[in-house]
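To keep things clear, I will list the structure first and then write my remarks on it.
The values are calculated or read from the model by the stated rules, or taken from the named source; none is laboratory data. Just so we're clear, the structure is a prediction, and the values are computed from it rather than from any experiment. Because the Cβ atoms are built from the backbone with ideal geometry, glycine has one as well, and the counts that use them run over all protein chains shown.
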Amino acid sequence: MRKEERNEIYDVIIIGGGASGMTAGIFAGMKGKKVLIIEKNKSLGEKLKITGGGRCNVTNAELDTKALLSHYGDAEQFLYSPFSQFGVKETFDFFEKRGLPLVIQARKRAFPKTEKAIDVFNVLKKDLEKYKVSFRFGCVAKKIIHKKGKIEGILTNQGTFTANSYICATGGMSHPETGSTGDGFNWLKDLGHNVKTPSPTIVPIATKEEWSKVLSGLSLSFMKITFFLEGKKAFSKTGKILFTHFGISGPLILNSAKEVGDLLQAGKVTATIDAYPHTDLGALERNIINTFDKYKNKVLKNVLKEITPEGFSPGFRMLLPEEMLETKVHSITKEQRKIIVHLLKELPLTITQLMGFERAVVADGGVILSEIDMKTMRSKVISNLFVTGDLLNITRPSGGYSLQLCWTSGFVAGNNV
């Protein structure tokens, strides 16, 4: 990257130096374009550096394009063209040719072999420098100057900058601490675009019960959670659950949040967690009987860790009466034992709300896709504007799908600008 000089006229100005903006800058620079990235933060890629808990889930290694795009909901039909230009294979090739091999983990999630998001950032930064992309940090866009369906300049706190074409890559509203505060949505509305109001979709869930909160930090795989609306079963999912001080999170919960949010609009939502989804009631009771025989002279509270998932007993004991906890195992009645068995299969939770944008991995909302030429990412409303990444109204789960959208849309915009 190089420092921007005043009074220069650019081929391309990119508003936002996140994943899609950096990618667009690389591929526009690769074509010999004179590129300026304006970024309100002190450096590029602030959200990228923390994504995936600092490990960076680069993409989802689903090479069947139809299967991959089925995860993007209603946007699927719009995405075949851009993904045919730059898809999962091209993402692997891009990083591996630049010395950063990717490894595939559970659920086809692809990470850098180093498991460091900063290494992904550094690959992009090196290419930006290679292709002489200019930059402005601490540069806050205040207004997009436009006339007769065309942008004429960007008014910022550091002056007005002009270019032949502009790429809006400001990101959505997840992780506002990284600068994603939804500014781009307002600008796009002012330019005449229809923008769906964003809401957090891949986000943790808040719960009422204390038993789950005392387990904060505990992550358990292969748990089944079933959600109920007004007592009637809505849906179930099985996977990893992370318990937090406010409720529940983890991949399973994040990818259920949008559906739970819809349920919350309709009424009271509760849930049950099955701690042993692959063990039926009878087999679980037999396992507990065997454990009780082994520890028959101990009080129940000291045996709970033997019959619950590892690390789970502090929360589970809160669901049982104190009198039962102090009872020696050999004196636990059949009815009491069945209470324990049923609780392990149906741990109760009351859903209070989805957590907000500050904890969202992804927020939906954005420009209606019918207003974007998805072959080029060019706006159909403003002739010299291109739109990328989280500013597009595309719902997707966690697991690498969001960053793949950034790489794809950034490539297409940068290559067609």
From the list V299, V269, V367, V303, pick out the single residue that is among the β-branched types (V, I, T), touching a residue at least 60 places away in the same chain (Cβ under 8 Å) and outside the structural domain of H193 (by TED's automatic domain parsing). V269
Going by the structure shown, is K296 over 30 Å from I167 (Cβ atoms), in contact with a Lys or Arg (Cβ under 8 Å, 6 or more places away or on another chain) and modelled with pLDDT under 95? yes
Mind checking whether some residue in segment 35-45 is in contact with a Lys or Arg (Cβ under 7 Å, 6 or more places away or on another chain) and surrounded by fewer than 16 Cβ atoms within 10 Å (Cβ to Cβ)? no
Do the conditions hold for S398, that is, is it more than 30 Å from I248 (Cβ to Cβ), assigned by TED's automatic domain parsing to the domain that holds N186, among the small types (G, A, S) and crowded, with 16+ Cβ neighbours inside 10 Å? no
Go through (1) over 30 Å from L48 (Cα atoms); (2) part of a loop (DSSP other than H, G, I, E, B) and name the single condition T291 misses. (2)
Could you look through segment 119-161, keep only residues that are buried (at least 16 other Cβ atoms within 10 Å of the Cβ) and of a type in the set (G, A, S), and pick out the one that is modelled with the lowest pLDDT? A141
What helices (runs of 4 or more DSSP H) lie completely within segment 13-116 and have 3 or more residues being free of Cβ contacts under 8 Å to residues at least 12 places away in the same chain? 88-97
Return the residue satisfying two criteria in turn: it lies in segment 191-215 and is of a type in the set (S, T, Y) and out of contact with any Asp or Glu (no Cβ under 7 Å at 6 or more places or on another chain), and of such residues it is surrounded by the fewest Cβ atoms within 10 Å (Cβ to Cβ). T197
Within segment 391-404, work out how many residues are under 11 Å from the mean Cα position of the chain (by Cα) and either under 18 Å from K47 (Cβ atoms) or not in a loop (DSSP other than H, G, I, E, B) (or both). 8
What residue, of P314, P348, is surrounded by fewer than 15 Cβ atoms within 10 Å (Cβ to Cβ) and within 31 Å of the chain's Cα centre (by Cα)? P314
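Okay, residues lined up against (1) modelled with pLDDT under 95; (2) surrounded by fewer than 23 Cβ atoms within 10 Å (Cβ to Cβ); (3) assigned to a strand (DSSP E or B); (4) outside the structural domain of N41 (by TED's automatic domain parsing):
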site	(1), (2), (3), (4)
A163	no, no, yes, no
Y166	no, no, yes, no
E177	yes, yes, no, no
K189	yes, yes, no, no
G217	yes, yes, no, yes
I225	no, no, yes, yes
Scan segment 385-417 for residues that are more than 14 Å from C168 (Cα to Cα) and of a type in the set (A, V, I, L, M) and jot them down. I394, L403, L405
Give the number of residues within segment 97-114 that are closer than 18 Å to L48 by Cβ and modelled with pLDDT under 95. 1
Check segment 357-368 and report whether any residue there is modelled with pLDDT of 95 or more, closer than 30 Å to F111 by Cα and of a type in the set (K, R). no
